[in-house]
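K.L.:
Before I ask anything, let me first share the structure, which is written out below as C-alpha cells.
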Amino acid sequence: MNVKSEGSCDPRFKRVKEVFESNFAAGLEVGAAVAATVDGKSVVDLWAGHADQARTRPWQRDTLVNVYSTTKGITAILAHRLVDQGRLDLDAPVASYWPEFAAAGKAKIPVNYLLSHRAGMAAVRKQLPPDGYFNWTLMCDALAAQEPWWEPGTKHGYHALTFGHLVGEVIRRITGKTPGTYLREEITGPHELDIHIGVGASFDSRIADLVAAAPPPAGAPDPMAQMASDPESVSYKAIANPVPVIDSKLVNSRAWRGAEIPAANGHATARDLARLYGALAMGGKLDGRQVLTPASIRRAHTEQAVGLDAVLGQKTRWGLGFALTQAETPLGPNPHTFGHPGAGGSIGFADPDAHVSFGYVMNQMGANALIDTRAASLYNALFEAL
C-alpha cells in the first residue's frame, strides 16, 4: 500500500522520507512518525498512516502514542536534572531519600544502581492484584519490602517496569511531586514539548491505539513464550506481574493512559522526542534554556554495565538511565550515542558527537526485543546523508 507522508524533510535527507514511505508500502506500518535534528535544527518531521487498526483516523501532526520503555530515557533526564540542581547524589544510598527502601538488606544500594539496572530489583516477587500497575503506593511498598533477586552490583538485568517506580519514587521523595508532574513543570511545560507521563481523558482523541505484533513465524524464537515457561522467574515477572505488559488492550485502556508508570506509559510525538534529545546532543540547552548540564550529559552516557543481561538473556549496555550504542545494536556510527528504545519499536536518542537527535514512534508493534528494524532503517538513512 503506497502512503504519502506529511510534514517536512530537508532535501539533504530525502532518503529518510523514501525509507519511511517504503516501510508503509511493505505493510510494516499502520501509523508512524519520524523526526530528527542536526545542530539543534529540525531536518526531518514526517508522519503518515492511521491512528487506529481499522484505519478510520488519519495520523495527525499532533498524534500521540504510548512509547513503552522509551519513557525510561525521559525519567532518567528528570533524575539527572535533580543532580544538576544539587538535590540528588547518584552515589548516595537510595534509603537516604526513601528510608523504607532499606528493608531486606537494601540499605547500601546506591541510586546509580537503579539507573543502570544493577540493583537486583527487576521485578516484584509477590503476585500483585490485577490493577497493580496503576497503584503507585502498592508498587513502591512492594519494592521497598522485598529483597533483591541478586546481589546488587554483581550483574545487571533489565528493570522493565520497576525502573520507573524505583527512580520515580526517589524523584517524588525529593521533590514532593510525582514524576509526571515534575516532568511537566520542569521540562515539557516550559519548552512546550508534547511528552507526558500520565494523561487525562481529554488527550484520548489524539492518542493512537497500539496494534499488537503478529505472532512469530513457526519455528522462530518466541521470547514471550520462553519467559512464560517459568512464571516464577525474574524474567517473566519483570514484564508480567500482575499481567503481561505487552498487551494492546491494556495499554489502550483509560486506566493505563491515566496512570503514571514512568518506565512504560509515556505518550509522545516523534518531533518532541527529537527536540528533547536534540538539546542533549547540543550541550543540554533547548530554546536557550538548560535542560541538563554538559556534565550530566557526559555522566549519563558513561558506561555502567555491559554484557549478558540477567533478565533479557542477551547483551545490553547501559549508562545512567540510558541504553548505549553497542556493536550488536548500533545507534549510528559514533561511540557516545545514548537514548532509549521501547517495546514494539519506538525510540529516542542523542548523538553528541554528530550533534544529531532522532525520534521514531509507531502504533504497529514489532517483535524485535531491542532495536526495531524500521527505526534502524530510518536512522541509518539519516546518518548516511550526513
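Since every read-out is calculated from the coordinates, none of them should be taken as a lab result. Source: prediction; values computed, not measured. Don't worry about glycine lacking a Cβ; one is built from the backbone with ideal geometry, like all the others, and counts go over all protein chains shown.
K.L.:
Out of curiosity, is residue 225 surrounded by fewer than 20 Cβ atoms within 10 Å (Cβ to Cβ), among the hydrophobic types (A, V, I, L, M, F, W, C), without any contact (Cβ under 8 Å) to a residue 12 or more places away in the chain and part of a helix (DSSP H, G or I)? Full working, then the answer.
P.N.:
Values: surrounded by fewer than 20 Cβ atoms within 10 Å (Cβ to Cβ): yes; among the hydrophobic types (A, V, I, L, M, F, W, C): yes; without any contact (Cβ under 8 Å) to a residue 12 or more places away in the chain: yes; part of a helix (DSSP H, G or I): yes.
It is true that residue 225 is surrounded by fewer than 20 Cβ atoms within 10 Å (Cβ to Cβ), among the hydrophobic types (A, V, I, L, M, F, W, C), without any contact (Cβ under 8 Å) to a residue 12 or more places away in the chain and part of a helix (DSSP H, G or I).
K.L.:
Scan the stretch 297-310 and tell me whether some residue there is of a type in the set (A, V, I, L, M), surrounded by 17 or more Cβ atoms within 10 Å (Cβ to Cβ) and farther than 24 Å from residue 162 by Cβ. If you could, list the steps in order and put the result at the bottom.
P.N.:
Looking only at the stretch 297-310, we keep the residues that are of a type in the set (A, V, I, L, M), and these are 297, 300, 305-306, 308, 310.
Within this subset, residues satisfying the condition of being surrounded by 17 or more Cβ atoms within 10 Å (Cβ to Cβ) are 297, 300, 305, 310.
Among the residues that remain, those that are also farther than 24 Å from residue 162 by Cβ are: 297.
Scanning the stretch 297-310 turns up at least one residue that is of a type in the set (A, V, I, L, M), surrounded by 17 or more Cβ atoms within 10 Å (Cβ to Cβ) and farther than 24 Å from residue 162 by Cβ.
K.L.:
While we're looking at this one, here's another question. Only one of (1) within 23 Å of the chain's Cα centre (by Cα); (2) not in a strand (DSSP E or B) is not met by residue 33, so which one is it?
P.N.:
Answer for residue 33: the failing condition is (2).
K.L.:
Please enumerate the residues belonging to the stretch 195-210 that are in contact (Cβ under 8 Å) with a residue 24 or more places away in the chain and over 18 Å from the mean Cα position of the chain (by Cα).
P.N.:
Going residue by residue through the stretch 195-210, those that are in contact (Cβ under 8 Å) with a residue 24 or more places away in the chain are 195-201, 203-204, 206-210.
Within the stretch 195-210, 200, 201, 203, 204, 206 qualify.
K.L.:
Please go through the stretch 69-95 and give me each residue that is assigned to a loop (DSSP other than H, G, I, E, B) and closer than 14 Å to residue 322 by Cα, ordered by number. It would help to see each step written out before you state the result.
P.N.:
In the first step, residues of the stretch 69-95 are kept if they are assigned to a loop (DSSP other than H, G, I, E, B); the result is 69, 85-92.
Across the stretch 69-95, the qualifying residue is only 69.
K.L.:
If I filter the stretch 346-365 for residues that are among the small types (Gly, Ala, Ser), buried (at least 20 other Cβ atoms within 10 Å of the Cβ), out of contact with any Asp or Glu (no Cβ under 8 Å at 6 or more places or on another chain) and not in a loop (DSSP other than H, G, I, E, B), do I get at least one hit?
P.N.:
The answer is yes, given that some residue of the stretch 346-365 is among the small types (Gly, Ala, Ser), buried (at least 20 other Cβ atoms within 10 Å of the Cβ), out of contact with any Asp or Glu (no Cβ under 8 Å at 6 or more places or on another chain) and not in a loop (DSSP other than H, G, I, E, B).
K.L.:
Let me ask something else about it. Restricting to the stretch 291-313, and then to whatever is of a type outside the set (A, V, I, L, M, F, W, C) and touching a residue at least 24 places away in the same chain (Cβ under 8 Å), can you tell me which residue is nearest to residue 369 (Cα to Cα)?
P.N.:
It comes out as 313.
K.L.:
Out of all the residues in the stretch 153-192, which are surrounded by 23 or more Cβ atoms within 10 Å (Cβ to Cβ) and in a loop (DSSP other than H, G, I, E, B)?
P.N.:
Once the filter is applied, which keeps residues that are surrounded by 23 or more Cβ atoms within 10 Å (Cβ to Cβ) and in a loop (DSSP other than H, G, I, E, B), the stretch 153-192 yields 156, 157, 158, 159, 160, 161.
K.L.:
Out of everything in the stretch 244-281 that is in a strand (DSSP E or B) and small (Gly, Ala, Ser), what residue ends up being surrounded by the most Cβ atoms within 10 Å (Cβ to Cβ)? Explain how you work it out, then say what you get.
P.N.:
We begin by selecting, within the stretch 244-281, every residue in a strand (DSSP E or B); these are 266-268.
Subset that is small (Gly, Ala, Ser): 266, 268.
On the way: 266: 34, 268: 27.
Among those that are in a strand (DSSP E or B) and small (Gly, Ala, Ser), it is 266.
K.L.:
What tally of residues in the stretch 36-68 results from selecting those that are under 16 Å from residue 358 (Cβ atoms), in a strand (DSSP E or B) and touching a Ser or Thr at 6+ places or on another chain (Cβ under 6 Å)?
P.N.:
Number of matching residues: 3.
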